[in-house]
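Right, one structure below, let's go through it.
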Amino acid sequence: MTVVKKILAIHTGGTISMSQNEKGEVVPNAQNPIAQQETIMEGRVQLHTDELFNLPSPHMTPVEMLKIKERIMAAEADGIDGVVVTHGTDTLEETAYFLDLTLPSTIPVVVTGAMRSSNQVGSDGLHNFQTAIEVAADDASRDNGVMVVMNDEIHTARYVTKTHTTNVATFRTPTFGPIGLVANGHPIYFQQLIQKTTCDIDHVIDHVYLIKAYAGMDTALFDCLDNDQTAGLVIEGLGAGNVPPVTLPAIQRLLDRHIPLVLVSRCYNGVAEDIYGYEGGGIGLRKMGMMLCQGLNGQKARIKLLVGLSAGMKGEQLEKFLSTAVS
Ligand code: ASP
């Protein structure tokens, strides 16, 4: 006898819940069309629905991310077998990674969205929603960390990123590739997620920033953050993790204030490393006290720094948390 799994769909907004109006603008609906799909996969899963938010994802903040995490934990305590979160794609990777870092769950948690709204030709929302449910309802999906399912591919929340403004094949995992795909209604996994550490938090702090380095950069942006409010900063460095030398005095001033500074690469692929010994190179930045965060892009490293600081980490504990590439 097949066991019918109880799946909770948490809707948060985004294109998957929007439609195009007569002027051609993609806009939110009073009634979320994806949340009306209550009979989807009837007989195969028991679908429970929670319309938690109806936000375009640029409106999403860590406060909402924490509410999603708390809703998932409550559902798990109530005996839900798996969770699907629908979300706008612009900040989807940040929410997915926040959940990955903070949820101690073993049940499958899958985040999905759409690139075309509900009434556009070739809309991908319903298909992505269905495949996300299929993944969440499958036993092979347990203990995989939070996953992102879009366009028939399964990605880890940790490494996936949005790579195209409009194409339905936008979500990619540059360095490692997807961990699986969905075919004929079932997930097929061909990679396993390496070790996962979670960090349970009950609040989120503010004033954690992200800056991208560029040729000819000066100190202006760093100077803006040189104040008592700044809690942390991630710098997307050049190449393997280097910055223009002109910025070094301003970076030193932030470090002197004991503001945790994290270095990642602005490159799409690869990891930040302390390779270069010239002025502004990664070796000197590390000696100054910057923490290297390997394998994460800037927006994910910012989420990790924010979570670590919200958990009260500092000093060596924070550095260990940030520099561990496998969580
Ligand atoms: N701008 C939209 C959002 O992130 C895009 C999407 O949902 O795909 O809400």
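Taking 0.692 mPa s as the viscosity and 37 °C as the temperature, the Stokes-Einstein diffusion coefficient of the range 78-191 based on its alpha-carbon Kirkwood radius rounds to 237 µm²/s. The magnitude of the dipole of the range 161-275, with charges of +1 and -1 set on the Cβ of Lys/Arg and Asp/Glu and taken from the Cα centre, is near 560 debye. Annotation note: GluC sites (Glu not before Pro) in the range 1-65 located in DSSP loop regions with a Cβ neighbour count of at most 12 within 10 Å are GLU22, GLU25, GLU38.
Quarter the surface of the alpha carbon convex hull of the range 285-327 and you get the mean projected area, 3.0 square nanometres. Solvent-accessible surface (1.4 Å probe) assigned to ASP256 amounts to roughly 100 Å². Within 10 Å of each candidate Cβ there may be at most 13 other Cβ atoms; applying that plus a DSSP loop requirement, which trypsin sites (Lys or Arg not before Pro) in the range 201-285 survive? Within the range 201-285, the qualifying trypsin sites (Lys or Arg not before Pro) (loop, at most 13 other Cβ atoms within 10 Å) are ARG257. Translational diffusion of the range 1-87 was estimated from the Stokes-Einstein equation, with Rh taken as the Kirkwood radius over Cα pairs; at 10 °C and 1.306 mPa s the coefficient is 113 µm²/s. By a 1.4 Å probe calculation restricted to protein chains, HIS207 has an accessible surface near 60 Å², given to the nearest 10.
Could you order ILE259, ILE205 by accessible surface area, starting with the largest, using a probe radius of 1.4 Å? Could the numbers behind the result be given before it?
On the way: ILE259 10, ILE205 50 Å².
Result, largest first: ILE205, ILE259.
Using a 1.4 angstrom probe on heavy atoms only, work out the carbon and sulfur share of the accessible area of the chain in %.
50
May I ask for the distance between the Cα centers of the range 282-327 and the range 206-267, given as a whole number of Å? Their Cα centres are 13 Å away from one another. Potential lengthening of the chain between VAL63 and ASP206 amounts to 50.5 nm, from the contour at 0.36 nm per residue minus the alpha-carbon distance. For the chain, a simple Cβ point-charge model (Lys and Arg +1, Asp and Glu -1, everything else neutral) yields a dipole of about 500 debye relative to the Cα centre.
Accessible area per residue for the range 16-56, computed on protein heavy atoms with a 1.4 Å probe, is 60 Å². TYR209 contributes about 80 Å² of solvent-accessible surface, heavy atoms of the protein only, 1.4 Å probe.
Please enumerate, by chain and number, the aspartates and glutamates with C-alpha under 18 Å from the C-alpha of LYS162, excluding those fewer than 8 residues away in the same chain. Partners within reach: ASP90, GLU93, GLU94, ASP100, ASP124, ASP152, GLU153, GLU236.
Positive end of the dipole of the range 193-316 (Cβ unit charges, origin at the Cα centre): among ILE211, LEU193, ILE283, the Cα lying farthest that way belongs to LEU193. Only Cα sites of the chain enter the Debye sum here, all with the same form factor; the resulting log10 I(q)/I(0) across q = 0.12 1/Å is -0.82, listed in q order. With both labels modelled 7 Å from their Cα along Cα-to-Cβ, the ALA30 to GLN191 distance reads 4.6 nm.
Restricting the calculation to Cα atoms, every distinct pair contributes to the Kirkwood radius of the range 245-299, found to be 11.7 Å.
The values are calculated or read from the model by the stated rules, or taken from the named source; none is laboratory data. What you see is a predicted model, and the numbers here were worked out from it, not measured in a lab. Cβ sites come from the backbone with ideal geometry, for glycine too, and all protein chains shown count toward neighbours. We work out accessible area using only protein heavy atoms, side chains counted, and drop any ligands, DNA or RNA first. Shrake-Rupley method; radii C 1.70, N 1.55, O 1.52, S 1.80 Å.
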